[in-house]
Amino acid sequence: MVKEKSEVLLSIHNLETRFGSRTIHHGLDLDVYRGELLVLFGGSGTGKSTLLRAIIGLDKAAGGSIKLDDEELSELDDKGWREIRRKIGYSFQSGALFDSLTVGENLEYPLREFTKLPAEERKASAVAMLARVGLPGIEGLYPSELSGGMQKRVGMARTLMLDPGLILYDEPTAGLDPANSKMIAELMRELKESGKTGILVTHDVACALSVGDRIAFLHGGKISVVQTRSDLDKAPDERISAYMNGEIE
Ligand SMILES: Nc1ncnc2c1ncn2[C@@H]1O[C@H](COP(=O)(O)OP(=O)(O)OP(=O)(O)O)[C@@H](O)[C@H]1O
Ligand SMILES: [Mg+2]
């Protein structure tokens, strides 16, 4: 559970992002506590994925500050960003698997890129991770041979290969059947219980409420409100409840 004086792992202050002349975020502030799973709600196109991409430097911020463990990310050079991408796992909205590689090779890819592990250990690690996401024995298949739900779980497995401390989940249950969604929710809960910090972007209200510690609502380029799960149960903020009831797009 999140306590009042929890330690801040990720601190975003006065963030601004733009595409050309179009501003997506302006003056966005958000603190994420170590060990919590923070849910980010917001209408389609409000900039949830862009915020996650800014955190890992795929979309560079136009202004403001993003600090991870007190390290200012905008000041990093390429080597610094490489290190950050080892510490932060990003589970893409699409599975983003390499079609020409087998499932096993997809999972080994981050280990090849970032570690000097020998081939047998990489392979063993990929096999073990597939079992962890409930897909044992599929390392020899290609992504095109998998269902959408399986591809998403393989994508999630690849995100976990480097054992990141902070995990960004971009709509991990979108388009999944209830059984696959439940499996993903259980995996996120298990990761949280093992001490991982997470930001979960989702339109899946049931999943968000089952695993989230706090709920943040992105609206008009800013985080307009953040509520803990227990405050939400007691007295939901009207913007968050309007969003959950489908009254805000
Ligand atoms: N590479 C890009 N170039 C130009 N505009 C972009 C780019 N990526 C996103 N945008 C725009 O930025 C806005 C925010 O996009 P983003 O993908 O962050 O939204 P989102 O909140 O994740 O939406 P969804 O819930 O549909 O996934 C959108 O209006 C989108 O059109
Ligand atoms: Mg998105």
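Where a number appears in this text, it was derived from the coordinates with a stated rule and is not lab data. Computed from a predicted structure; not experimentally measured. Cβ: placed from backbone, ideal geometry, glycine included. Neighbour counts: every protein chain shown.
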What is the P(r) of the chain, as percent of Cα-Cα pairs per 10 Å bin from 0?
-> 7, 31, 36, 21, 5, 0
Under a point-charge model restricted to the Cβ atoms of Lys and Arg (+1) and Asp and Glu (-1), what is the dipole moment magnitude of the stretch 49-154 relative to its Cα centre, in debye to the nearest 20?
-> 220 debye
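Counting other beta carbons within 10 Å of each residue's own, what order do Ser65, Ser21 fall into, fewest first? Let's see the in-between values first.
Values: Ser65 15, Ser21 5.
Ordered by Cβ neighbours within 10 Å, fewest first: Ser21, Ser65.
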Principal semi-axes in Å for the stretch 133-190 [√(5λ), Cα gyration tensor, largest first] = 18, 15, 10
Helix-only CD estimate at 222 nm, as mean residue ellipticity for the chain, using -39500 (n - 2.57) per DSSP H run (n ≥ 4) | -11000 deg cm²/dmol
Any lysines with Cα under 25 Å of the Lys79 Cα? List them, leaving off those in the same chain fewer than 8 positions away.
-> Lys60, Lys67, Lys87, Lys116, Lys196
Centroid-to-centroid separation of the stretch 191-249 and the stretch 6-40 [C-alpha atoms, Å] = 14 Å
P(r) histogram, all alpha-carbon pairs of the stretch 144-249 included - 10 Å bins from 0, percent = 13, 44, 32, 11, 1
How far is it, in nm, from the label point at Glu190 to the one at Ser224 when both lie 7 Å from their Cα along the line to the Cβ?
-> 3.7 nm
Fewest to most Cβ atoms within 10 Å: Val32, Val127 sort as Val127, Val32
Packing-based exposure ordering (other Cβ within 10 Å, fewest first) of Tyr109, Tyr243 = Tyr109, Tyr243
Magnitude of the Cβ-charge dipole (Lys and Arg +1, Asp and Glu -1) of the stretch 127-249 about the Cα centre, nearest 20 debye, reported as 260 debye
